[in-house]
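> Please see the structure below; I have some questions.
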Amino acid sequence: MLSKPVILAFDTSAAHCAAALLCGDDIVLERIEPMSRGQAERLMPLLEEILAEAETKWSDLTAIGVGVGPGNFTGIRIAVSAARGLALGLDIPAVGIDGFEARAQVGQLPAIPAPRDQVYAQPRGEAQRLMSAQEASDIARGAGLTFAPEASPADLAGQIARHTAKRYETTTTPPAPLYLRAADAAPSRDTPPPLLDE
């Protein structure tokens, strides 16, 4: 058993597959692969590659960290399901880290890019919500904060790993998706087919 905690963290909440391995206080490896689809097929091989390159086994892991959103509905479900399955199979804790916590920096309004020139933001003292980028910029300016929604997940998996390291010993609930709006899918407006008598 290694003396330092070994955390494997990953995120598929946007058009990427991101993963990082943290050992103690150091990020040993981090990978970000841009992709608009295919995260479900790519995630596990990516995690295997990171472990192999770091000469680490699944049994060496202390905890799993996962990005729980907000973001792409399907992407969030992929990562959360993988984290919960790995935690169950390895008998280690899995910690869900939301995108606001992973991106939080002093003096900035936590904001995550969303479709249609919108952002998911968490104004100070308010609930997380979807708003226009202009509204978020105005809120930030009024609070004396900078507004810089991250366009790339450059250090996202590493931040998820660092936050997981602080919380894995006290986490008692499995990670769950963070959705700030309903899925874009809607029932078909086509006329349903007629039912035939038997």
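The values are calculated or read from the model by the stated rules, or taken from the named source; none is laboratory data. If you're wondering where the values come from, they're calculated on a predicted model, not measured in any experiment. In this analysis, Cβ positions are derived from the backbone assuming ideal geometry, glycine residues included, and neighbour counts consider all displayed protein chains. To get the accessible areas, we keep the full protein, side chains included, count just its heavy atoms, and leave off ligands, DNA and RNA. Shrake-Rupley method; radii C 1.70, N 1.55, O 1.52, S 1.80 Å.
> Can you match percent of Cα pairs over 30 Å apart to one of these, (1) 42; (2) 13; (3) 26, based on a calculation from the structure here?
Entry (3).
> Where Lys and Arg each count +1 and Asp and Glu each count -1, what net charge lies around Pro45 among other residues with Cβ under 14 Å from its Cβ?
With Lys, Arg at +1 and Asp, Glu at -1, the net is -3.
> A further question on this structure: How large is the accessible surface per residue of the chain, computed with a 1.4 Å probe and reported in Å² as a whole number?
Accessible area per residue: 56 Å².
> So for the chain, taking the charge dipole from beta-carbon charges (+1 Lys/Arg, -1 Asp/Glu), which of Phe10, Phe147, Gln159 sits furthest toward the positive end?
Phe147
> Continuing with this model, one more query. Given 0.36 nm per residue, what is the gain on full extension from Trp58 to Thr173 after removing their alpha carbon distance, in nm?
This chain segment gains 39.3 nm when fully extended.
> State to the nearest 20 debye the size of the charge dipole of region 1-127 about its Cα centre, where the only charges are +1 on K and R beta carbons and -1 on D and E beta carbons.
400 debye
> Report the label-to-label distance for Arg141 and Arg42 in nanometres (one decimal), using points 7 Å from each Cα along the Cα→Cβ vector.
The answer from the label model is 3.7 nm.
> Another one. Pick from Asp117, Asp98, Asp60: which residue has the top mean-square fluctuation in a GNM of the chain where Cα pairs under 10 Å get a spring?
Most flexible of the set in this elastic network: Asp117.
> Computing the accessible area with a 1.4 Å probe over protein heavy atoms, can you report the carbon and sulfur percentage for region 20-128? Please list the in-between numbers first.
Numbers: 2580 of 5330 Å².
Roughly 48 percent of what the probe reaches on region 20-128 is carbon or sulfur.
> Specify whether the C-alpha gyration tensor of region 1-85 places it in the rounded, prolate or oblate class, a ≥ b ≥ c being the square roots of the eigenvalues: rounded for a/c under 1.5, otherwise prolate if a/b is larger than b/c and oblate if not.
It is prolate, given that a/c is not under 1.5 and a/b is the larger ratio.
> Using a 10 angstrom cutoff on alpha carbons, build the Gaussian network for the chain and name the most mobile of Ala20, Ala127, Ala104.
Most flexible of the set in this elastic network: Ala127.
> Can you tell me what share of the DSSP beta bridges in the chain is antiparallel? A percent to the nearest 5 is fine.
Percentage antiparallel, nearest 5: 70.
> For region 1-118, give the share of DSSP beta bridges that are antiparallel, in percent and rounded to the nearest 5; count only bridges with both residues there.
Here the share of antiparallel DSSP bridges comes out near 65 percent.
> Go through Ile112, Ile50, Ala87 and say which Cα lies farthest out towards the positive end of the charge dipole of region 35-163; charges sit on Cβ, +1 for Lys and Arg, -1 for Asp and Glu.
Checking the options against the dipole of region 35-163, the answer is Ile112.
> Tell me, how many Å apart are the Cα centres for region 44-79 and for region 94-164?
22 Å
> How do the peptides 13-19, 76-82 rank, highest first, by the average count of neighbouring beta carbon atoms within 10 Å per residue? Write down the numbers at each step before the final one.
Numbers: 13-19: 25.3, 76-82: 21.6.
Order by mean packing, descending: 13-19, 76-82.
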